Amino acid sequence: MMDRSESAGCRICQLESIAPPISGDYPEVIYQTVGGCGAAQWSWVRFTASDRELWCGQFQGKFLGAALSPVRSEALILTDLFLYRLDGKTGQLLEWMEGINWSQVTATPAGDFLIADDYSICRIESGLSDLTDLPLPVSLEGIEFGAWQNEFLTIRGTLFLSGGKQVELILDSGDDSINLKNPLDIPPPIDARPIPSPIRRMMPLFLVLSLFLLIALLIWLLPDS
C-alpha cells in the first residue's frame, strides 16, 4: 500500500510497505521499542522525503497498515505487535503502543487518524492513548476499512451473531457519523417478524386450551363450599 503527502520540507511525504530490502539499498532506521526486543518478525516501510530521497524504516511485528496525515504532519505504522506514531517532518518516533488489538488504520481527508479492531472504531485525538469511540449503528465483528471516496469511507463487517451476514457501512468524516449503506441489511426484530402460517392457524386452539386451563386452576383453588 502507498500513502502520500506533498508537504514541503518533510521527511515523510510518501510511504509504502515493501519486502525486506537488500542491505545498502536505502538508508535505514530501526524503530525498536523496549517491549519488542525479541520480536520474531519485522516489517519494512519505504518513505519518500520532500526532496525525493528514499529511506526505509524497520518495524517490529507483521505489517497490518499505515496512514499519513499531512495536516498533522504525522504517520502511523501498525503491526500486529505495535502501533507507531512518527513525526512526518523528522521521521522520529513520537510514541508507540504495545499489546494492542487494532487491525485497521486510515487517515481522513481532514487529517484525522482512525483505527479499528474487530468490533469498534476510534478516532485518535492528541495521542495514541487519547481515543474517541465512534458509535456504530449495529454490532459488528471483523471490521475492515475500504476505500475513501471524497469524505466518505466504506466499512465492511459481519453482523454480530447473524450467522455470517456481511454488511457495508459508510463513515462521513465531516461529522464522524456511521450509517448502513443499505438499511434493509438489518433483519427485523424477532417480535416484528411475521408468524409462520401453521403456527398462526393453531393460535385459536392454543387460546382455548389456555382459557380452559385457567378456569380449571381457578376451580381447583376455590375453597370447598
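Just a few scattered comments:
- The phi-based Karplus calculation (6.51 cos²θ - 1.76 cosθ + 1.60; θ = phi - 60°) puts the 3J(HN,Hα) values of the range 128-144 at 5, 9, 10, 10, 10, 6, 9, x, 9, x, 9, 7, 10, 9, x, 5, 9 Hz, whole numbers, x for Gly and Pro.
- The range 22-97: relative contact order in percent, alpha carbon pairs under 8 Å with at least 6 residues between: 22
- Distant-in-sequence amide H partners of Val29 (H built 1.01 Å from N, under 5 Å): Cys56, Gly57, Gln58
- Since only Pro109, Leu140, Ser120 are under comparison, the one whose Cα sits farthest along the positive direction of the charge dipole of the range 85-194, derived from C-beta charges on Lys, Arg, Asp and Glu, is Leu140.
- Basic side chains Lys and Arg get +1 at the Cβ, acidic Asp and Glu get -1 at the Cβ, and with that the dipole of the range 37-127 about its Cα centre reaches some 220 debye.
- Calculated from backbone phi, Karplus (6.51, -1.76, 1.60) coupling profile of the range 103-115 in Hz, x at Gly/Pro: 10, 10, 8, 7, 10, 6, x, 7, x, 7, 8, 10, 10
- Rolling a 1.4 Å probe across all protein chains gives Arg46 an accessible area of roughly 60 Å².
- Nonlocal amide H pairs with Thr79, under 5 Å, H built at 1.01 Å: Leu64, Tyr84
- Cα centroids of the range 54-94 and the range 118-132: 16 Å apart.
The values are calculated or read from the model by the stated rules, or taken from the named source; none is laboratory data. Remember, predicted model here, so these are calculated numbers, not experimental data. Cβ sites come from the backbone with ideal geometry, for glycine too, and all protein chains shown count toward neighbours. Accessible surface is based on the protein model in full, side chains and every heavy atom, while ligands, DNA and RNA are left aside. Shrake-Rupley method; radii C 1.70, N 1.55, O 1.52, S 1.80 Å.
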